[in-house]
Amino acid sequence: MSSTELDCSDLDNYLGKLMHAPARMKEPLHNNDFRRWVQAMHYPNLLHYDHDFAAKGRYGRLVAPQSFAIATDNGHGAWPASAGFIPDSHLIFGGDEWWFYGPRIFAGDDICNEQIPYDYTIKETGFAGPTCFQRGDNNYYNQHGDFVAKQRSTAIRYRRDAAIEKGAMEASEAPAWSETEIAELQERKYDYIKMMHELGHGKRYWDDVNIGDALPGRVIGPHSVASLTTEWRAYLFSIWGSTHRPGVDMESMGYTKEFAGHENDPVMERDNPELTDGAYFGPSRGHLFGDWARRIGMPREYGYGASMGAWILDYLAGWAGEWGQVVHSKANYRAPALVGDITLFKATVVDKLKDDEGRHLIQVDLKMNNQLGAVMATAKAEIELPTKVTN
């Protein structure tokens, strides 16, 4: 097969069919799982990690951020968007669409995820020629059967050799930041944190928000191998023995042997668990090792698409406050968070509406850029806010 061909014929065998058993952790969730998550995702919202603050709030206890649902999966939402065999392929995340149905996640909950491949399309890209954009649904339920959230994940699947051949992302060095610049970034980061502190347990009312309003900016980074490793470790499935493993042969999905590894292999986990860590040996190693990043067409170490999705949800939820919630978000990922770069957030209110369920919603357009202005992601989201009028 030449590098200009992409055989996706096997994918049709999986569409609409439930994959494996539902993904779930072996033990109930713990408050420290939430704390680890928000720390890794650079989201210092007291509601999710400070016991005393949370005790005085809406829920009377710590609550997981909305973004945490993906941490309860066995592969950050990617499995149903990557079902089926594409020879000599690799994948990166292309986007996530989320719907939230109201129930929140607390310590003691047991979340399961039904994974169902949805659809795919093949497009010509400058990155890798013929490229498969595959989508899959993740349906998250708690132990009571309550529907917590749906995630429709998009995987970009491509021929690894074609990406290297095209060289759309040439190898590059991480930028250097001076101590003065780092200090300035910390001040900008604190502006967003102060916004959450100032709102506290208060309500951000729908009535007070106007079309054209800009949300406060947010800064994450500079990204580093250390920060990416911290993110990886916050996904619960990356912990030895934490989850019921699906036991999928990565080579059966089309990964070349050196990238396939034993991630989510329950047999190898009992024998030699170090070989089951995808960040060290397997499909995720390009995130943390520059040489392996370049082998899949990336310029240097790069971040996780699922984390970008979490950053977006956290950014919006932090602005909404504990009495609001994100009800829907559709994000497209256009460029990765590369080591050395920073991520800048901006969002604008584009609509106010009351939906068929009587919810008062704010619609925002969001964009994430790096320090050079390159677009990393775009999103449109609807956020429910309380109103001063109850009828």
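The values are calculated or read from the model by the stated rules, or taken from the named source; none is laboratory data. All values derive from a computational prediction rather than experimental measurement. Because the Cβ atoms are built from the backbone with ideal geometry, glycine has one as well, and the counts that use them run over all protein chains shown.
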Filter pass, residue 203 being assigned to a helix (DSSP H, G or I), basic (Lys, Arg) and modelled with pLDDT of 95 or more:
no
Scanning the stretch 199-215 residue by residue, the ones that are surrounded by 16 or more Cβ atoms within 10 Å (Cβ to Cβ) and under 21 Å from residue 41 (Cα atoms) total 2
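Which one is nearest to residue 333 (Cα to Cα) among residues in the stretch 343-391 that are outside any strand (DSSP E or B) and basic (Lys, Arg)?
359
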Run residue 267 past the list (1) within 28 Å of residue 67 (Cα to Cα); (2) more than 21 Å from the chain's Cα centre (by Cα); (3) of a type in the set (Val, Ile, Thr) and report the number of the one that doesn't hold.
(1)
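Across the stretch 143-157, what is the total count of residues that are modelled with pLDDT of 95 or more and in contact with a Phe, Trp or Tyr (Cβ under 9 Å, 6 or more places away or on another chain)?
First, pick out the residues of the stretch 143-157 that are modelled with pLDDT of 95 or more: 143-154.
Subsequent filtering for residues that are in contact with a Phe, Trp or Tyr (Cβ under 9 Å, 6 or more places away or on another chain) retains 146-154.
Result for the stretch 143-157: 9.
Results for (1) within 24 Å of residue 91 (Cβ to Cβ); (2) among the basic types (Lys, Arg); (3) under 14 Å from the mean Cα position of the chain (by Cα), shown as yes or no for each residue.
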site: 271; (1), (2), (3): no, no, no
site: 278; (1), (2), (3): yes, no, no
site: 282; (1), (2), (3): yes, no, no
site: 288; (1), (2), (3): yes, no, no
site: 291; (1), (2), (3): yes, no, no
site: 305; (1), (2), (3): yes, no, yes
site: 324; (1), (2), (3): no, no, no
site: 330; (1), (2), (3): yes, yes, yes
Exactly one of these conditions fails for residue 21: (1) touching a Leu at 6+ places or on another chain (Cβ under 9 Å); (2) loosely packed, with under 15 Cβ neighbours inside 10 Å; (3) of a type in the set (A, V, I, L, M). Give me its number.
(1)
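Got a sec? Which of 24, 61 is in a loop (DSSP other than H, G, I, E, B), in contact (Cβ under 8 Å) with a residue 24 or more places away in the chain and either closer than 18 Å to residue 314 by Cα or among the charged types (D, E, K, R) (or both)?
61
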Every residue from the stretch 275-321 that is part of a loop (DSSP other than H, G, I, E, B) and among the basic types (Lys, Arg):
295, 300
Considering only residues of the stretch 257-270 that are over 12 Å from residue 241 (Cα atoms) and surrounded by fewer than 17 Cβ atoms within 10 Å (Cβ to Cβ), which is modelled with the highest pLDDT?
258
Residue by residue through the stretch 343-391, note down the ones that are under 23 Å from the mean Cα position of the chain (by Cα) and on the phi > 0 side of the Ramachandran plot.
373
Test for residue 282: is it closer than 29 Å to residue 330 by Cβ and surrounded by 18 or more Cβ atoms within 10 Å (Cβ to Cβ)
no
In the stretch 31-53, how many are farther than 28 Å from residue 337 by Cβ and of a type outside the set (Asp, Glu)?
2
When residues of the stretch 319-339 are filtered for being surrounded by 20 or more Cβ atoms within 10 Å (Cβ to Cβ), of a type outside the set (A, V, I, L, M, F, W, C) and in contact with a Lys or Arg (Cβ under 8 Å, 6 or more places away or on another chain), how many remain?
4
If you take the residues of the stretch 30-58 that are without any contact (Cβ under 8 Å) to a residue 24 or more places away in the chain and buried (at least 21 other Cβ atoms within 10 Å of the Cβ), which of them is farthest from residue 221 (Cα to Cα)?
54
